[in-house]
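Before any comments, here is the structure.
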Amino acid sequence: MKKPYQIESQRAVKQLEAMAADGNPAVQMVLPMAEMVGWLRQGVGELIRQAGLRLMDLLMQEEVRELVGERSQRQVQRTANRWGSERGYCIVMGQKVPVERPRVRSTDDQEVRLGSYEMFHRGEPLTETVWEKLMLGLSTRKYGQAVREFTEAYGLEKSAVSEHFIEASRTKLQEMMERRLDQTRLCALLLDATPFAGQQLVVAMGISQDGRKMILGLRQGATENATVVGELLGDLVNRGLNFSEPRLYILDGGKALTAAVKKHAGESAAIQRCQVHKRRNVLDHLTDEQKPAVSKRLNAAYALEDYAAAKQALNMLHRELMDLNPSAARSLGEGMEETLTVQRLHVPMQLRKTLASTNVIESAFSIVEQVCKNVKRWHGGDQRERWVGSGLLVAQKQFRKVTGHKQIPALLRELEALAPSNSAIAKRRKAS
């Protein structure tokens, strides 16, 4: 609900627009040559800045003249009077610049807002400008000296910049977390978690049926447990995402992720365990001398297009690892079948390189790390979610369609073959 001053501000702007449209009156600006030359000595930027301030003052004076008439002239139908001026500010390039604002009061002693000043005052969204600058790596401490374009500009202190960023990042996080997903059609849903400043951040990313990637949501927790993941998926359901539709679920391998997906999409949901995570987990059990040979065998097995051949290669490696290192063998055997889902679904090779792992989320996390590198102290509340969410939105702007996106229809046909059983499970769950 808009507040009274917001309504009055909008009304003043509309009146200014109507005044400008009525006959399109011209406004002339005269600048003394001596002053212009003086500004030019300091650079063309100074000339543009000072001329801009003069032009803003001229526009406000012109609006006052339209409202109250010429100075020192009697008007029988006068409805407002000049009432001096007061200090105000306009927003230019992420900074507040002081200006003298002329005042007007109606004959019944009510303040009359100037549409021109309201537009200058509103100017560029200050919080949006601050958010964009900080996302580019500018710290709150250096913000003032980096963006200051006017000597007399203010509102650039570290605390003020921080407040603007908190407001902007909180708004963007809320928009992302509340965006409706009713019309979203996904061929794949990726879930991955990353440790961040002592907490686990679980992120859901979708790949649409035309190959576009999008951040769907995130949750913060002390660990990557089923409760946190379940809340994230439950939120996607509440926002309209249909889990009965056939799609591929790509997970980093955590048991909590698998359990949560099966709870919402059915026990027979097409789950692809990340092959990169599986390699990493297996190799972590081996010595440096053993890693190259095993890594080569794993890469060769996962590069095979035929499901049966890939499974046979992994089973053979599993048997050899039982003699070499039982812990590595158990790691390979755990969920091995789910690491071959893309082969079982006959996903074309070009698309399979994207869908066989959660690398697309990992690359987004790398951008998050770059965005958050200037944060020196982490506090409670929503600070982590705001910063990670902001970093993910920066990454999302850089997203391109997935490699092999033209092959997605082939994936959908394979997934639809599994749809009857999945749909039946979803209906039973809904009925219960």
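Go through the residues of segment 178-195 one by one and say whether even a single one is within 19 Å of residue 358 (Cβ to Cβ), without any contact (Cβ under 8 Å) to a residue 24 or more places away in the chain and in a strand (DSSP E or B).
yes
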### Task
Please specify each residue of segment 234-269 satisfying the condition of being in contact with a helix residue (DSSP H, G or I) (Cβ under 6 Å, 6 or more places away or on another chain) and in a helix (DSSP H, G or I).
256, 257, 259, 260, 264
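Any residue at all in segment 270-282 that's polar (S, T, N, Q), in a loop (DSSP other than H, G, I, E, B) and either under 36 Å from the mean Cα position of the chain (by Cα) or surrounded by fewer than 18 Cβ atoms within 10 Å (Cβ to Cβ) (or both)? Break it down into steps so the answer makes sense when it comes.
Residues of segment 270-282 that are polar (S, T, N, Q), as a first pass: 272, 275, 281.
Add one more test, that the residue is in a loop (DSSP other than H, G, I, E, B), and what stays is none.
Checking segment 270-282: not a single residue is polar (S, T, N, Q), in a loop (DSSP other than H, G, I, E, B) and either under 36 Å from the mean Cα position of the chain (by Cα) or surrounded by fewer than 18 Cβ atoms within 10 Å (Cβ to Cβ) (or both).
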### Task
With the condition kept exactly as written, say whether any residue in segment 346-355 is more than 31 Å from the chain's Cα centre (by Cα) and within 27 Å of residue 191 (Cβ to Cβ).
yes
### Task
Would you mention how many residues in segment 203-224 are modelled with pLDDT under 90 and in contact with a Gly (Cβ under 9 Å, 6 or more places away or on another chain)?
2
### Query
Is there a residue in segment 342-354 that is within 30 Å of residue 167 (Cα to Cα) and touching a Ser or Thr at 6+ places or on another chain (Cβ under 7 Å)?
no
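When residues of segment 18-35 are filtered for being at pLDDT 85 or above and either within 43 Å of the chain's Cα centre (by Cα) or surrounded by 13 or more Cβ atoms within 10 Å (Cβ to Cβ) (or both), how many remain?
Filtering segment 18-35 for residues at pLDDT 85 or above gives 33-35.
Retained after the next criterion (residues that are either within 43 Å of the chain's Cα centre (by Cα) or surrounded by 13 or more Cβ atoms within 10 Å (Cβ to Cβ) (or both)): 35.
The qualifying residues number 1.
Is it fair to say residue 117 is crowded, with 20+ Cβ neighbours inside 10 Å, modelled with pLDDT under 75 and of a type in the set (Phe, Trp, Tyr)? Walk me through how you get there before you give the answer.
Numbers: crowded, with 20+ Cβ neighbours inside 10 Å: yes; modelled with pLDDT under 75: no; of a type in the set (Phe, Trp, Tyr): yes.
So residue 117 fails the test.
The values are calculated or read from the model by the stated rules, or taken from the named source; none is laboratory data. Note that the structure is predicted; figures quoted are calculated from it, not measured. Please note: Cβ atoms are built from the backbone with ideal geometry, for glycine as well, and neighbour counts cover all protein chains shown.
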